Amino acid sequence: AELPGILRDKKEKWDEGVRKLDAIIERYRAALVKNDTAAVLKAAEQLHSQYEYLVRLIKPVIKELDSFHQELYMLYHHYIPNYDYDKIKKSVEILKTKMKDLMKAKLPARLENKKEEFNKYRDELNNSIKKLYTVVTKGNVKKNIIDAVEEVHIKYQNLEKIFN
């Protein structure tokens with residue numbers, strides 16, 4: 001399956017994950033042919049784990065984070081490269097709203113052990129959004145806006161990494 005454009009930054013990890021999945025499937029088949037119950041069970045567990053990794057890679061754990069990313073993707077990969085100031089301003093407004101939703105988001109109970117790290121990186125992302133908003137509302141200063149968007153993107157990646 002080809003990843004859609006919004007997921008292109010995950011292509012390398014996706015491709016690597018699919019290769020690992022293929023290797024696990026081969027081990028699973030070999031274990032079935034040998035009628036090796038222990039190897040079948042081990043491969044089945046690995047298969048399940050690898051499948052869940054791929055799902056998490058393309059479907060974030062928190063819907064608010066996914067919603068935020070969809071807008072950030074447009075800003076980072078379309079509006080900034082073409083430097084469309086009007087679209088940038090509008091996108092930053094949307095990101096500010098989405099950030100408010102993300103600040104209210106709760107981690108699923110199964111990820112409670114990541115709560116402290118999640119809160120730390122979410123706060124850093126929130127601060128970078130506030131900074132970006134200030135920079136954009138001060139006026140059309142291309143370098144400052146591009147730098148602030150880059151910081152938001154880095155902070156988003158830091159937050160997202162805790163789920164990998």
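Show the residue pairs meeting these rules: Cβ distance below 6 Å; 6+ apart or different chains; first residue within region 124-145 and more than 18 Å from ILE94 (Cβ to Cβ); second residue of a type in the set (Lys, Arg) and loosely packed, with under 12 Cβ neighbours inside 10 Å.
If the second residue must be of a type in the set (Lys, Arg) and loosely packed, with under 12 Cβ neighbours inside 10 Å, no pairs are left.
Quick test for you: out of LYS114, LYS98, pick the one residue that is more than 17 Å from ASN158 (Cα to Cα), open to solvent by less than 90 Å² (accessible area, probe 1.4 Å), under 16 Å from the mean Cα position of the chain (by Cα) and not hydrophobic (A, V, I, L, M, F, W, C).
LYS98 is the lone residue from the list that is more than 17 Å from ASN158 (Cα to Cα), open to solvent by less than 90 Å² (accessible area, probe 1.4 Å), under 16 Å from the mean Cα position of the chain (by Cα) and not hydrophobic (A, V, I, L, M, F, W, C).
State which residue is farthest from ALA105 (Cα to Cα) when the search covers only region 50-63 and only residues that are open to solvent by 70 Å² or more (accessible area, probe 1.4 Å) and in a helix (DSSP H, G or I).
TYR51
Listed here are the residues, each with its yes/no results for (1) within 14 Å of the chain's Cα centre (by Cα); (2) assigned to a helix (DSSP H, G or I); (3) at pLDDT below 90.
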site	(1), (2), (3)
LYS11	yes, yes, yes
GLU16	no, yes, no
LYS20	no, yes, no
ILE25	no, yes, no
LEU32	no, yes, no
GLU45	no, yes, yes
LEU65	yes, yes, no
ASN82	no, no, no
ILE88	no, yes, no
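Search region 34-43 for residues being in a helix (DSSP H, G or I) and surrounded by fewer than 17 Cβ atoms within 10 Å (Cβ to Cβ), and hand back the single one that is modelled with the highest pLDDT.
Within region 34-43, the match that is modelled with the highest pLDDT is LYS34.
Go through (1) more than 30 Å from VAL135 (Cα to Cα); (2) open to solvent by 70 Å² or more (accessible area, probe 1.4 Å) one by one and return the number of the condition ASN82 breaks.
Of everything listed in (1) more than 30 Å from VAL135 (Cα to Cα); (2) open to solvent by 70 Å² or more (accessible area, probe 1.4 Å), ASN82 misses just condition (1).
Go through LEU159, LEU107, LEU132 for me and flag whichever is closer than 22 Å to LYS59 by Cβ and assigned to a helix (DSSP H, G or I).
Sole residue among the options that is closer than 22 Å to LYS59 by Cβ and assigned to a helix (DSSP H, G or I): LEU159.
Looking at this structure, is TYR51 under 20 Å from the mean Cα position of the chain (by Cα) and more than 26 Å from LYS155 (Cβ to Cβ)?
Criteria met by TYR51.
The values are calculated or read from the model by the stated rules, or taken from the named source; none is laboratory data. The model shown is predicted, which means the values in this text are computed figures rather than measured ones. For neighbour counting, all protein chains shown are included, and Cβ atoms are generated from backbone atoms with ideal geometry for every residue, glycine included. Please note that ligands, DNA and RNA were not included when accessible areas were found on the heavy atoms of the full protein model with its side chains. Shrake-Rupley method; radii C 1.70, N 1.55, O 1.52, S 1.80 Å.
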